[in-house]
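Let me begin by presenting the structure, written as structure tokens, before commenting on it.
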Amino acid sequence: MIEPTPAYRSWLERLSVLRRDRARGAAPHKPLLLLVALDLVEEGKLDTGLMPRDGNLAFRFSSYWTIIAHRRTSRPDVRLPFYHMRSDGFWTPLDADGKVSASRETAAMAQLDPSFLKCAEDVGFRELARRTLIARYFEPNERAELYQLCGLEVPPDDLVAADAARFLRSDQDESKRDAKFSVRVLPAYDFTCALTRYRMIAIDGSTPLDAAHIQQFKRGGPCEPANGIALSKTAHWLFDRGFWSIADDYTVVVKSGAFEEAGEASQLLKPHAGRQIMLPNSRGVWPNPLFLGWHRANHDFAAYQ
């Protein structure tokens, strides 16, 4: 069995937890498009890291779609996964001018994450990625055709089951990861909420503050201080759900028309609009504009800038 390098494991873990629409059963769009992307990398067609949404991509996606068409009544539309893959971090959809796309209709190309592209250029990684995608997201009667289409031998059932779960992170690993992230973020902000400036650290080390990811980890955000911000639990909840965001000049942007609120002035969100968040003393751990841009785009803040 191929063993992944540490550099490859994080991407294989992300492949195992793709965000998918489950309204009509788990949608196969994203794993199918990733299989197509791996094919294109293998053929040397994505050397620049730019993947155009053109007829070639649509044809390949439609060809893969025939394998799962029996369980989906809709026609294949490559625009859906091409744009929504942004939430998983494998690439960023761009419009015709090379700017971050605001909708699936304007997404004309995608810029692959450089780290993902480097991994995908390795034959061993591609085999692990394909095996993981096929085993985890497709029905037994679909797998044989997909293995064949990808040039892989059909593995025995026990190996398929192992492939499907091999790169899922355990709760223990998640707990360790969160602890390492928190110890790098919360002290940098002196245990102070960047939004409200409320500070609290108990003698026993406990604190009501969270180390919040700006680009969520499950959507491809790294566990590094520049992708973190110290927030109270309420501010964190509001941030993750897109009621407020942060501009590149570190001022607060609020979707004032999206909610009602009442209470003590110090507890309200709307008065923070236009104010600058509290920043750490070390500029090296200030929020990276790249991640701030992801948060605004992911929560549709274009109209509020």
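Taking region 262-279 as the range and being touching a strand residue (DSSP E or B) at 6+ places or on another chain (Cβ under 8 Å), surrounded by 14 or more Cβ atoms within 10 Å (Cβ to Cβ) and closer than 25 Å to PRO187 by Cα as the test, the residues that pass are LEU269, HIS272, ILE277, MET278. Can you confirm whether region 134-150 contains a residue that is at pLDDT 95 or above, farther than 22 Å from ALA27 by Cβ and either hydroxyl-bearing (Ser, Thr, Tyr) or surrounded by fewer than 19 Cβ atoms within 10 Å (Cβ to Cβ) (or both)? Within region 134-150, none of the residues are at pLDDT 95 or above, farther than 22 Å from ALA27 by Cβ and either hydroxyl-bearing (Ser, Thr, Tyr) or surrounded by fewer than 19 Cβ atoms within 10 Å (Cβ to Cβ) (or both).
Just for region 72-125: of the residues that are polar (S, T, N, Q) and surrounded by 17 or more Cβ atoms within 10 Å (Cβ to Cβ), which one is nearest to the chain's Cα centre (by Cα)? It comes out as SER87. The residues of region 219-239 that are assigned to a loop (DSSP other than H, G, I, E, B) and crowded, with 19+ Cβ neighbours inside 10 Å amount to a single one, GLY220.
Applying the condition of being in contact (Cβ under 8 Å) with a residue 12 or more places away in the chain and surrounded by fewer than 16 Cβ atoms within 10 Å (Cβ to Cβ) to region 50-61 and asking which residue is farthest from PHE125 (Cα to Cα) yields PRO52. Residues being touching a residue at least 24 places away in the same chain (Cβ under 8 Å), surrounded by fewer than 19 Cβ atoms within 10 Å (Cβ to Cβ) and among the aliphatic types (A, V, I, L, M) are represented in region 240-261 by at least one member. Annotation: of all residues in region 44-79 being polar (S, T, N, Q) and outside any loop (DSSP other than H, G, I, E, B), the one that is nearest to MET109 (Cα to Cα) is ASN56.
Residue check: ILE214 meets all listed conditions (1) touching a residue at least 60 places away in the same chain (Cβ under 8 Å); (2) surrounded by fewer than 17 Cβ atoms within 10 Å (Cβ to Cβ); (3) in contact with a helix residue (DSSP H, G or I) (Cβ under 8 Å, 6 or more places away or on another chain) but one, namely (2). Which ones in region 193-211 are buried (at least 21 other Cβ atoms within 10 Å of the Cβ) and outside any loop (DSSP other than H, G, I, E, B)? If the condition is that a residue be buried (at least 21 other Cβ atoms within 10 Å of the Cβ) and outside any loop (DSSP other than H, G, I, E, B), then LEU209, ASP210, ALA211 are the ones that fit.
Take LEU38 and tell me if it is over 14 Å from the mean Cα position of the chain (by Cα), at pLDDT 95 or above, aliphatic (A, V, I, L, M) and surrounded by fewer than 18 Cβ atoms within 10 Å (Cβ to Cβ). No; evaluated as a whole, the condition is false for this residue. Do we have any residue at all in region 155-166 that's at pLDDT below 90, under 25 Å from CYS223 (Cβ atoms), of a type outside the set (S, T, N, Q) and surrounded by fewer than 17 Cβ atoms within 10 Å (Cβ to Cβ)? Yes, there is a match, as at least one residue in region 155-166 is at pLDDT below 90, under 25 Å from CYS223 (Cβ atoms), of a type outside the set (S, T, N, Q) and surrounded by fewer than 17 Cβ atoms within 10 Å (Cβ to Cβ).
The values are calculated or read from the model by the stated rules, or taken from the named source; none is laboratory data. In this text, all values refer to a predicted model and were calculated from it rather than measured experimentally. Don't worry about glycine lacking a Cβ; one is built from the backbone with ideal geometry, like all the others, and counts go over all protein chains shown.
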